[in-house]
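The values are calculated or read from the model by the stated rules, or taken from the named source; none is laboratory data. Fair warning: this is a prediction, and the values are worked out from it, not measured in the lab. Virtual Cβ from ideal backbone geometry, glycine too; neighbours counted across all protein chains shown. Heavy atoms of the whole protein, side chains included, go into the accessibility calculation; ligands, DNA and RNA do not. Shrake-Rupley method; radii C 1.70, N 1.55, O 1.52, S 1.80 Å.
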Amino acid sequence: MEYEDFLNHVASLKGVSTGALEDAMTKIAYHETGPKQRLDPAARQLPTGPGRGMFMFEVGANMGGAVAVRRTYQYLKRKGLSVPSWLEELDPLKIGSIDVAGVLTEEEQKYIFLGNYLQHPKANLAHLGEGDSAIANFWLNYHWAGPSKLRNKRLKSFYASLNDMQGRKVAIKESKRQLRIIIR
């Protein structure tokens, strides 16, 4: 199943438009890659860190990259859908670690992003069609991996990225009310 077919499958399954899914993935990738590597599929977490690619899937034994590959593969197999050759070649059931920045294209990284969250025990991709606050909340609760004491700071940073992406200055004043609602 090629990327466009998978994107359509996920959109139909979750009752959200393909455009909304693409928009949400772009916003998350924009934030994750940071100002020096915006939307670069070969991005590496700066200054040093385990995050790789557009979504900063972590490298390491059974970390984010490997989990996303495995979940995507298992979803496709369970549903009887065709597995793309690039995914099959990764040997998903035996993969321990993967540097997605060195191996996967932009579309392939989006593919495993979607597949990962189709299999996630709590995340619901349908929420990505509910606007920027829902995207920020999704990112904070299911994608970002960090200590809870930094949640408020990281959420502010995500909103700053959204503002930057939309050509606005990084004034979070407008978003503070939304932050209180999401963080509760």
Where the Cα pairs of segment 21-74 fall when distances are cut into 5 Å bins, in %: 5, 23, 24, 24, 17, 6, 1
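In segment 34-81, which trypsin sites (Lys or Arg not before Pro) are in a loop and have at most 10 other Cβ atoms within 10 Å, using DSSP for the loop call?
Numbers: sites: Lys36, Arg38, Arg44, Arg52, Arg70, Arg71, Lys77, Arg78, Lys79; in loops: Lys36, Arg38, Lys79.
Sparse-neighbourhood loop trypsin sites (Lys or Arg not before Pro): Lys36.
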Coordinate range along principal axes, alpha carbons of the chain, Å, largest first: 47, 38, 28
Under 16 Å from Lys79, Cα to Cα: aspartates and glutamates that are on another chain or at least 8 residues apart: Glu2, Asp5, Glu88
The chain, helix-only ellipticity at 222 nm - DSSP H runs n ≥ 4, -39,500 (n - 2.57), divided by all residues, nearest 500: -15000 deg cm²/dmol
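Given charges of +1 on the Cβ of Lys and Arg and -1 on the Cβ of Asp and Glu, with all other atoms neutral, how large is the dipole of segment 8-60 about its Cα centre, in debye to the nearest 20? Please report the intermediate quantities before stating the final value.
Values: 6 positive and 5 negative charges, 21 e Å.
Here the size comes out at about 100 debye.
Taking 0.36 nm per intervening residue step and subtracting the Cα-Cα distance, what contour gain separates Met1 from Ser97 on full extension? If you can, show how the numbers build up before the last one.
On the way: separation 96, 0.36 × 96 = 34.56 nm, distance 2.35 nm.
Length gained, Met1 through Ser97: 32.2 nm.
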Additional length obtainable on full extension of the chain from Leu150 to Ser85, 0.36 nm per residue less Cα span: 19.5 nm
Area of Thr48 that stays accessible when all protein chains are in place (1.4 Å probe, Å², to 10): 120 Å²
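So how much slack lies between Lys122 and Leu39, counting 0.36 nm per residue of separation and subtracting their Cα-Cα distance, in nm?
Numbers: separation 83, 0.36 × 83 = 29.88 nm, distance 2.61 nm.
Stretched out fully, the Lys122 to Leu39 stretch lengthens by 27.3 nm.
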